[in-house]
Amino acid sequence: MCEHTDFHYIDDVLSCEDVRLDHLAETYGTPLYVTSKRSLEESARQFEEAFASLPHMTCYSVKANFNLSVIRTFARQGFGCDVNSGGELFRALNAGVSAEKIIFAGVGKKDEEIGYALDSGVLMLKAESLSELRAIDREASARGVVAPVALRINPNVTAETHPYITTGDSKEKFGIDEAGLEEAFSLLRTLGSVRLVCLDMHIGSQIFDPEYYVAATAVLLDIFETAKSLGFSIGYLDIGGGFPVTYDPRKPATPISHFAEKLIPMLAPAGVPVIFEPGRFLVANASVLLSKILYRKRNHTGKMFFIVDAGMTELIRPALYQSHHEVLSVTRHEQTVVADVVGPVCESSDFFARHRTLDDAAEGELIAVMSAGAYAAVMSSNYNGRLRPAEVMVDGSNVKLIRRRETYEQLIADELF
């Protein structure tokens, strides 16, 4: 197994911390998201330890997993939050995160979201275009306040990751590239209700090579010096997130300490606090998606399928990104079989594994799709009229239901004839 230190076998039964997953399935049903609180806290500790020598603030990226109990776990570690919508801001505030530790990001904020952020008193709003700077200025002026803003820089660094999760390339929609900075700085001088407090970047996700961060940070630091020479007082530098985790044990992630070793000597001389926005790094390997094998099916070519009761509606990453997730039998077996693990949704892309060597589990047994803590529950849907699963958090031998399973009534509660 990869990086799942809090998911391990006890007497040949896969367990989360001190609790057997089969017992959780009996109590809460399947599909079921199971999260280890200890794993969340350990990831937070590793990150903070790596960057301990650098004055910084860590803002958990809520988009990775917005369950209130997950956000609150990080808030209790002293973390702030990076939010991308009014809904994520609402979640962070309700989870107990102080507004002064919340950064409001997003390339397409509506006026009412900008107003909500200003009324809440967030630390800053990130601006990704000249039009957005003007919109923030309008909303702040209407309220008689000066909005603290971060300018998101697009450093034009193309990291080696899936094209759908690269965000620092000038061909993408994110940020303002260097060619547009002179106009942005000129505009900022004319706007009376915004104040530039931060320069920000984010170059993508699952970036294994620290040198991409080095290249992008060098661009950010050059712009920082330019901004200072123009008279702007920059209080923070924000280098985003995107630090990698291990999904496939054959491709282990670069340790976070390697990134720190490269970045701290570059960032420390700037003399301002650095903001980090880890999301996936903190949560990906803290959860599994527990599912039951409904049917075993072998077609005329001899191909074996495990048809399970979870699908792309619960974890879309394999369908969307062709991502690898380990699939483990909850009860260990000595015999193995090569099979596809597929869900019940009526799409050919509804799979968790293709041609994978798996334990030879029987119908009615349980499997666990590993590394389901990031971009799983948050991207779930009701396609095919499916109900979003329950979520539980395990803390040692204690289990807490942190999201109830949806009901059929909820599916139509907001619809009108």
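Looking only at region 90-105, count every residue that is out of contact with any helix residue (DSSP H, G or I) (no Cβ under 6 Å at 6 or more places or on another chain), assigned to a loop (DSSP other than H, G, I, E, B) and either surrounded by 23 or more Cβ atoms within 10 Å (Cβ to Cβ) or of a type outside the set (Gly, Ala, Ser) (or both) and tell me the total.
1
Hey, could you check region 180-213 for residues that are at pLDDT 95 or above and of a type in the set (Val, Ile, Thr) and say which is surrounded by the most Cβ atoms within 10 Å (Cβ to Cβ)?
Going through the qualifying residues, I end up with Val194.
Being out of contact with any helix residue (DSSP H, G or I) (no Cβ under 8 Å at 6 or more places or on another chain) and not in a helix (DSSP H, G or I) narrows it down to one of Glu363, Glu391, so name that one.
Glu363
Sort out for me the strands (runs of 3 or more DSSP E) sitting completely within region 4-89 that have 2 or more residues that are within 28 Å of Ala310 (Cα to Cα), in contact with a strand residue (DSSP E or B) (Cβ under 9 Å, 6 or more places away or on another chain) and of a type in the set (S, T, N, Q).
Filter on region 4-89 gives 32-36.
Do you know which of the residues in region 237-287 that are basic (Lys, Arg) and over 13 Å from Phe51 (Cβ atoms) is surrounded by the most Cβ atoms within 10 Å (Cβ to Cβ)?
Applying the filter and picking the extreme gives Arg280.
Criterion first (in the same structural domain as Ala135 (by TED's automatic domain parsing), within 25 Å of Gly144 (Cα to Cα) and in contact (Cβ under 8 Å) with a residue 24 or more places away in the chain) does Leu199 satisfy it? Even if it seems obvious, please write down each step before you answer.
Working: in the same structural domain as Ala135 (by TED's automatic domain parsing): yes; within 25 Å of Gly144 (Cα to Cα): yes; in contact (Cβ under 8 Å) with a residue 24 or more places away in the chain: yes.
Criteria met by Leu199.
Which pairs do you get when a residue that is over 14 Å from Ala376 (Cβ atoms), found in region 25-36, comes within reach of a residue that is surrounded by fewer than 24 Cβ atoms within 10 Å (Cβ to Cβ) and of a type in the set (Gly, Ala, Ser), reach meaning Cβ atoms under 9 angstrom, with the pair 6+ apart or on two chains?
Pairs that qualify, where the first residue is over 14 Å from Ala376 (Cβ atoms) and the partner is surrounded by fewer than 24 Cβ atoms within 10 Å (Cβ to Cβ) and of a type in the set (Gly, Ala, Ser), are Tyr28/Ala390; Gly29/Ala390.
Out of region 101-146, which residues are among the hydroxyl-bearing types (Ser, Thr, Tyr) and without any contact (Cβ under 8 Å) to a residue 40 or more places away in the chain?
Within region 101-146, Tyr116, Ser120, Ser131 meet the criteria.
Here are some residues: Ala377, Ala339, Ala361. Which one is in contact with a Phe, Trp or Tyr (Cβ under 6 Å, 6 or more places away or on another chain), crowded, with 20+ Cβ neighbours inside 10 Å, in contact (Cβ under 8 Å) with a residue 24 or more places away in the chain and more than 29 Å from Pro278 (Cβ to Cβ)?
Step by step, each of Ala377, Ala339, Ala361 is checked, and only Ala339 is in contact with a Phe, Trp or Tyr (Cβ under 6 Å, 6 or more places away or on another chain), crowded, with 20+ Cβ neighbours inside 10 Å, in contact (Cβ under 8 Å) with a residue 24 or more places away in the chain and more than 29 Å from Pro278 (Cβ to Cβ).
Of the numbered conditions (1) free of Cβ contacts under 8 Å to residues at least 40 places away in the same chain; (2) part of a strand (DSSP E or B); (3) of a type in the set (A, V, I, L, M); (4) touching a Lys or Arg at 6+ places or on another chain (Cβ under 9 Å), Ala353 fails exactly one; give the number of that condition.
Failed condition: (4).
If you take the residues in region 193-232 that are in a helix (DSSP H, G or I) and of a type in the set (D, E, K, R), which one is nearest to Pro244 (Cα to Cα)?
The residue in question is Glu211.
Are there any pairs with C-beta distances below 7 angstrom linking a residue in region 211-226 that is closer than 16 Å to Arg152 by Cβ and touching a residue at least 40 places away in the same chain (Cβ under 8 Å) to a residue that is crowded, with 21+ Cβ neighbours inside 10 Å and of a type in the set (Gly, Ala, Ser), with the two at least 6 apart or on different chains, and if so which?
Every condition considered, the pairs that remain are Ala216/Gly168.
Could you check how many residues of region 366-381 are closer than 18 Å to Val342 by Cβ and either β-branched (Val, Ile, Thr) or part of a loop (DSSP other than H, G, I, E, B) (or both)?
7
For Glu409, which of the numbered conditions (1) surrounded by 15 or more Cβ atoms within 10 Å (Cβ to Cβ); (2) in a helix (DSSP H, G or I); (3) not aliphatic (A, V, I, L, M) fails to hold?
Of everything listed in (1) surrounded by 15 or more Cβ atoms within 10 Å (Cβ to Cβ); (2) in a helix (DSSP H, G or I); (3) not aliphatic (A, V, I, L, M), Glu409 misses just condition (1).
The values are calculated or read from the model by the stated rules, or taken from the named source; none is laboratory data. Nothing here was measured: the structure is a model prediction, and the numbers come from that model. All Cβ positions, even for glycine, are placed from backbone atoms using ideal geometry, and neighbour counts span all protein chains on display.
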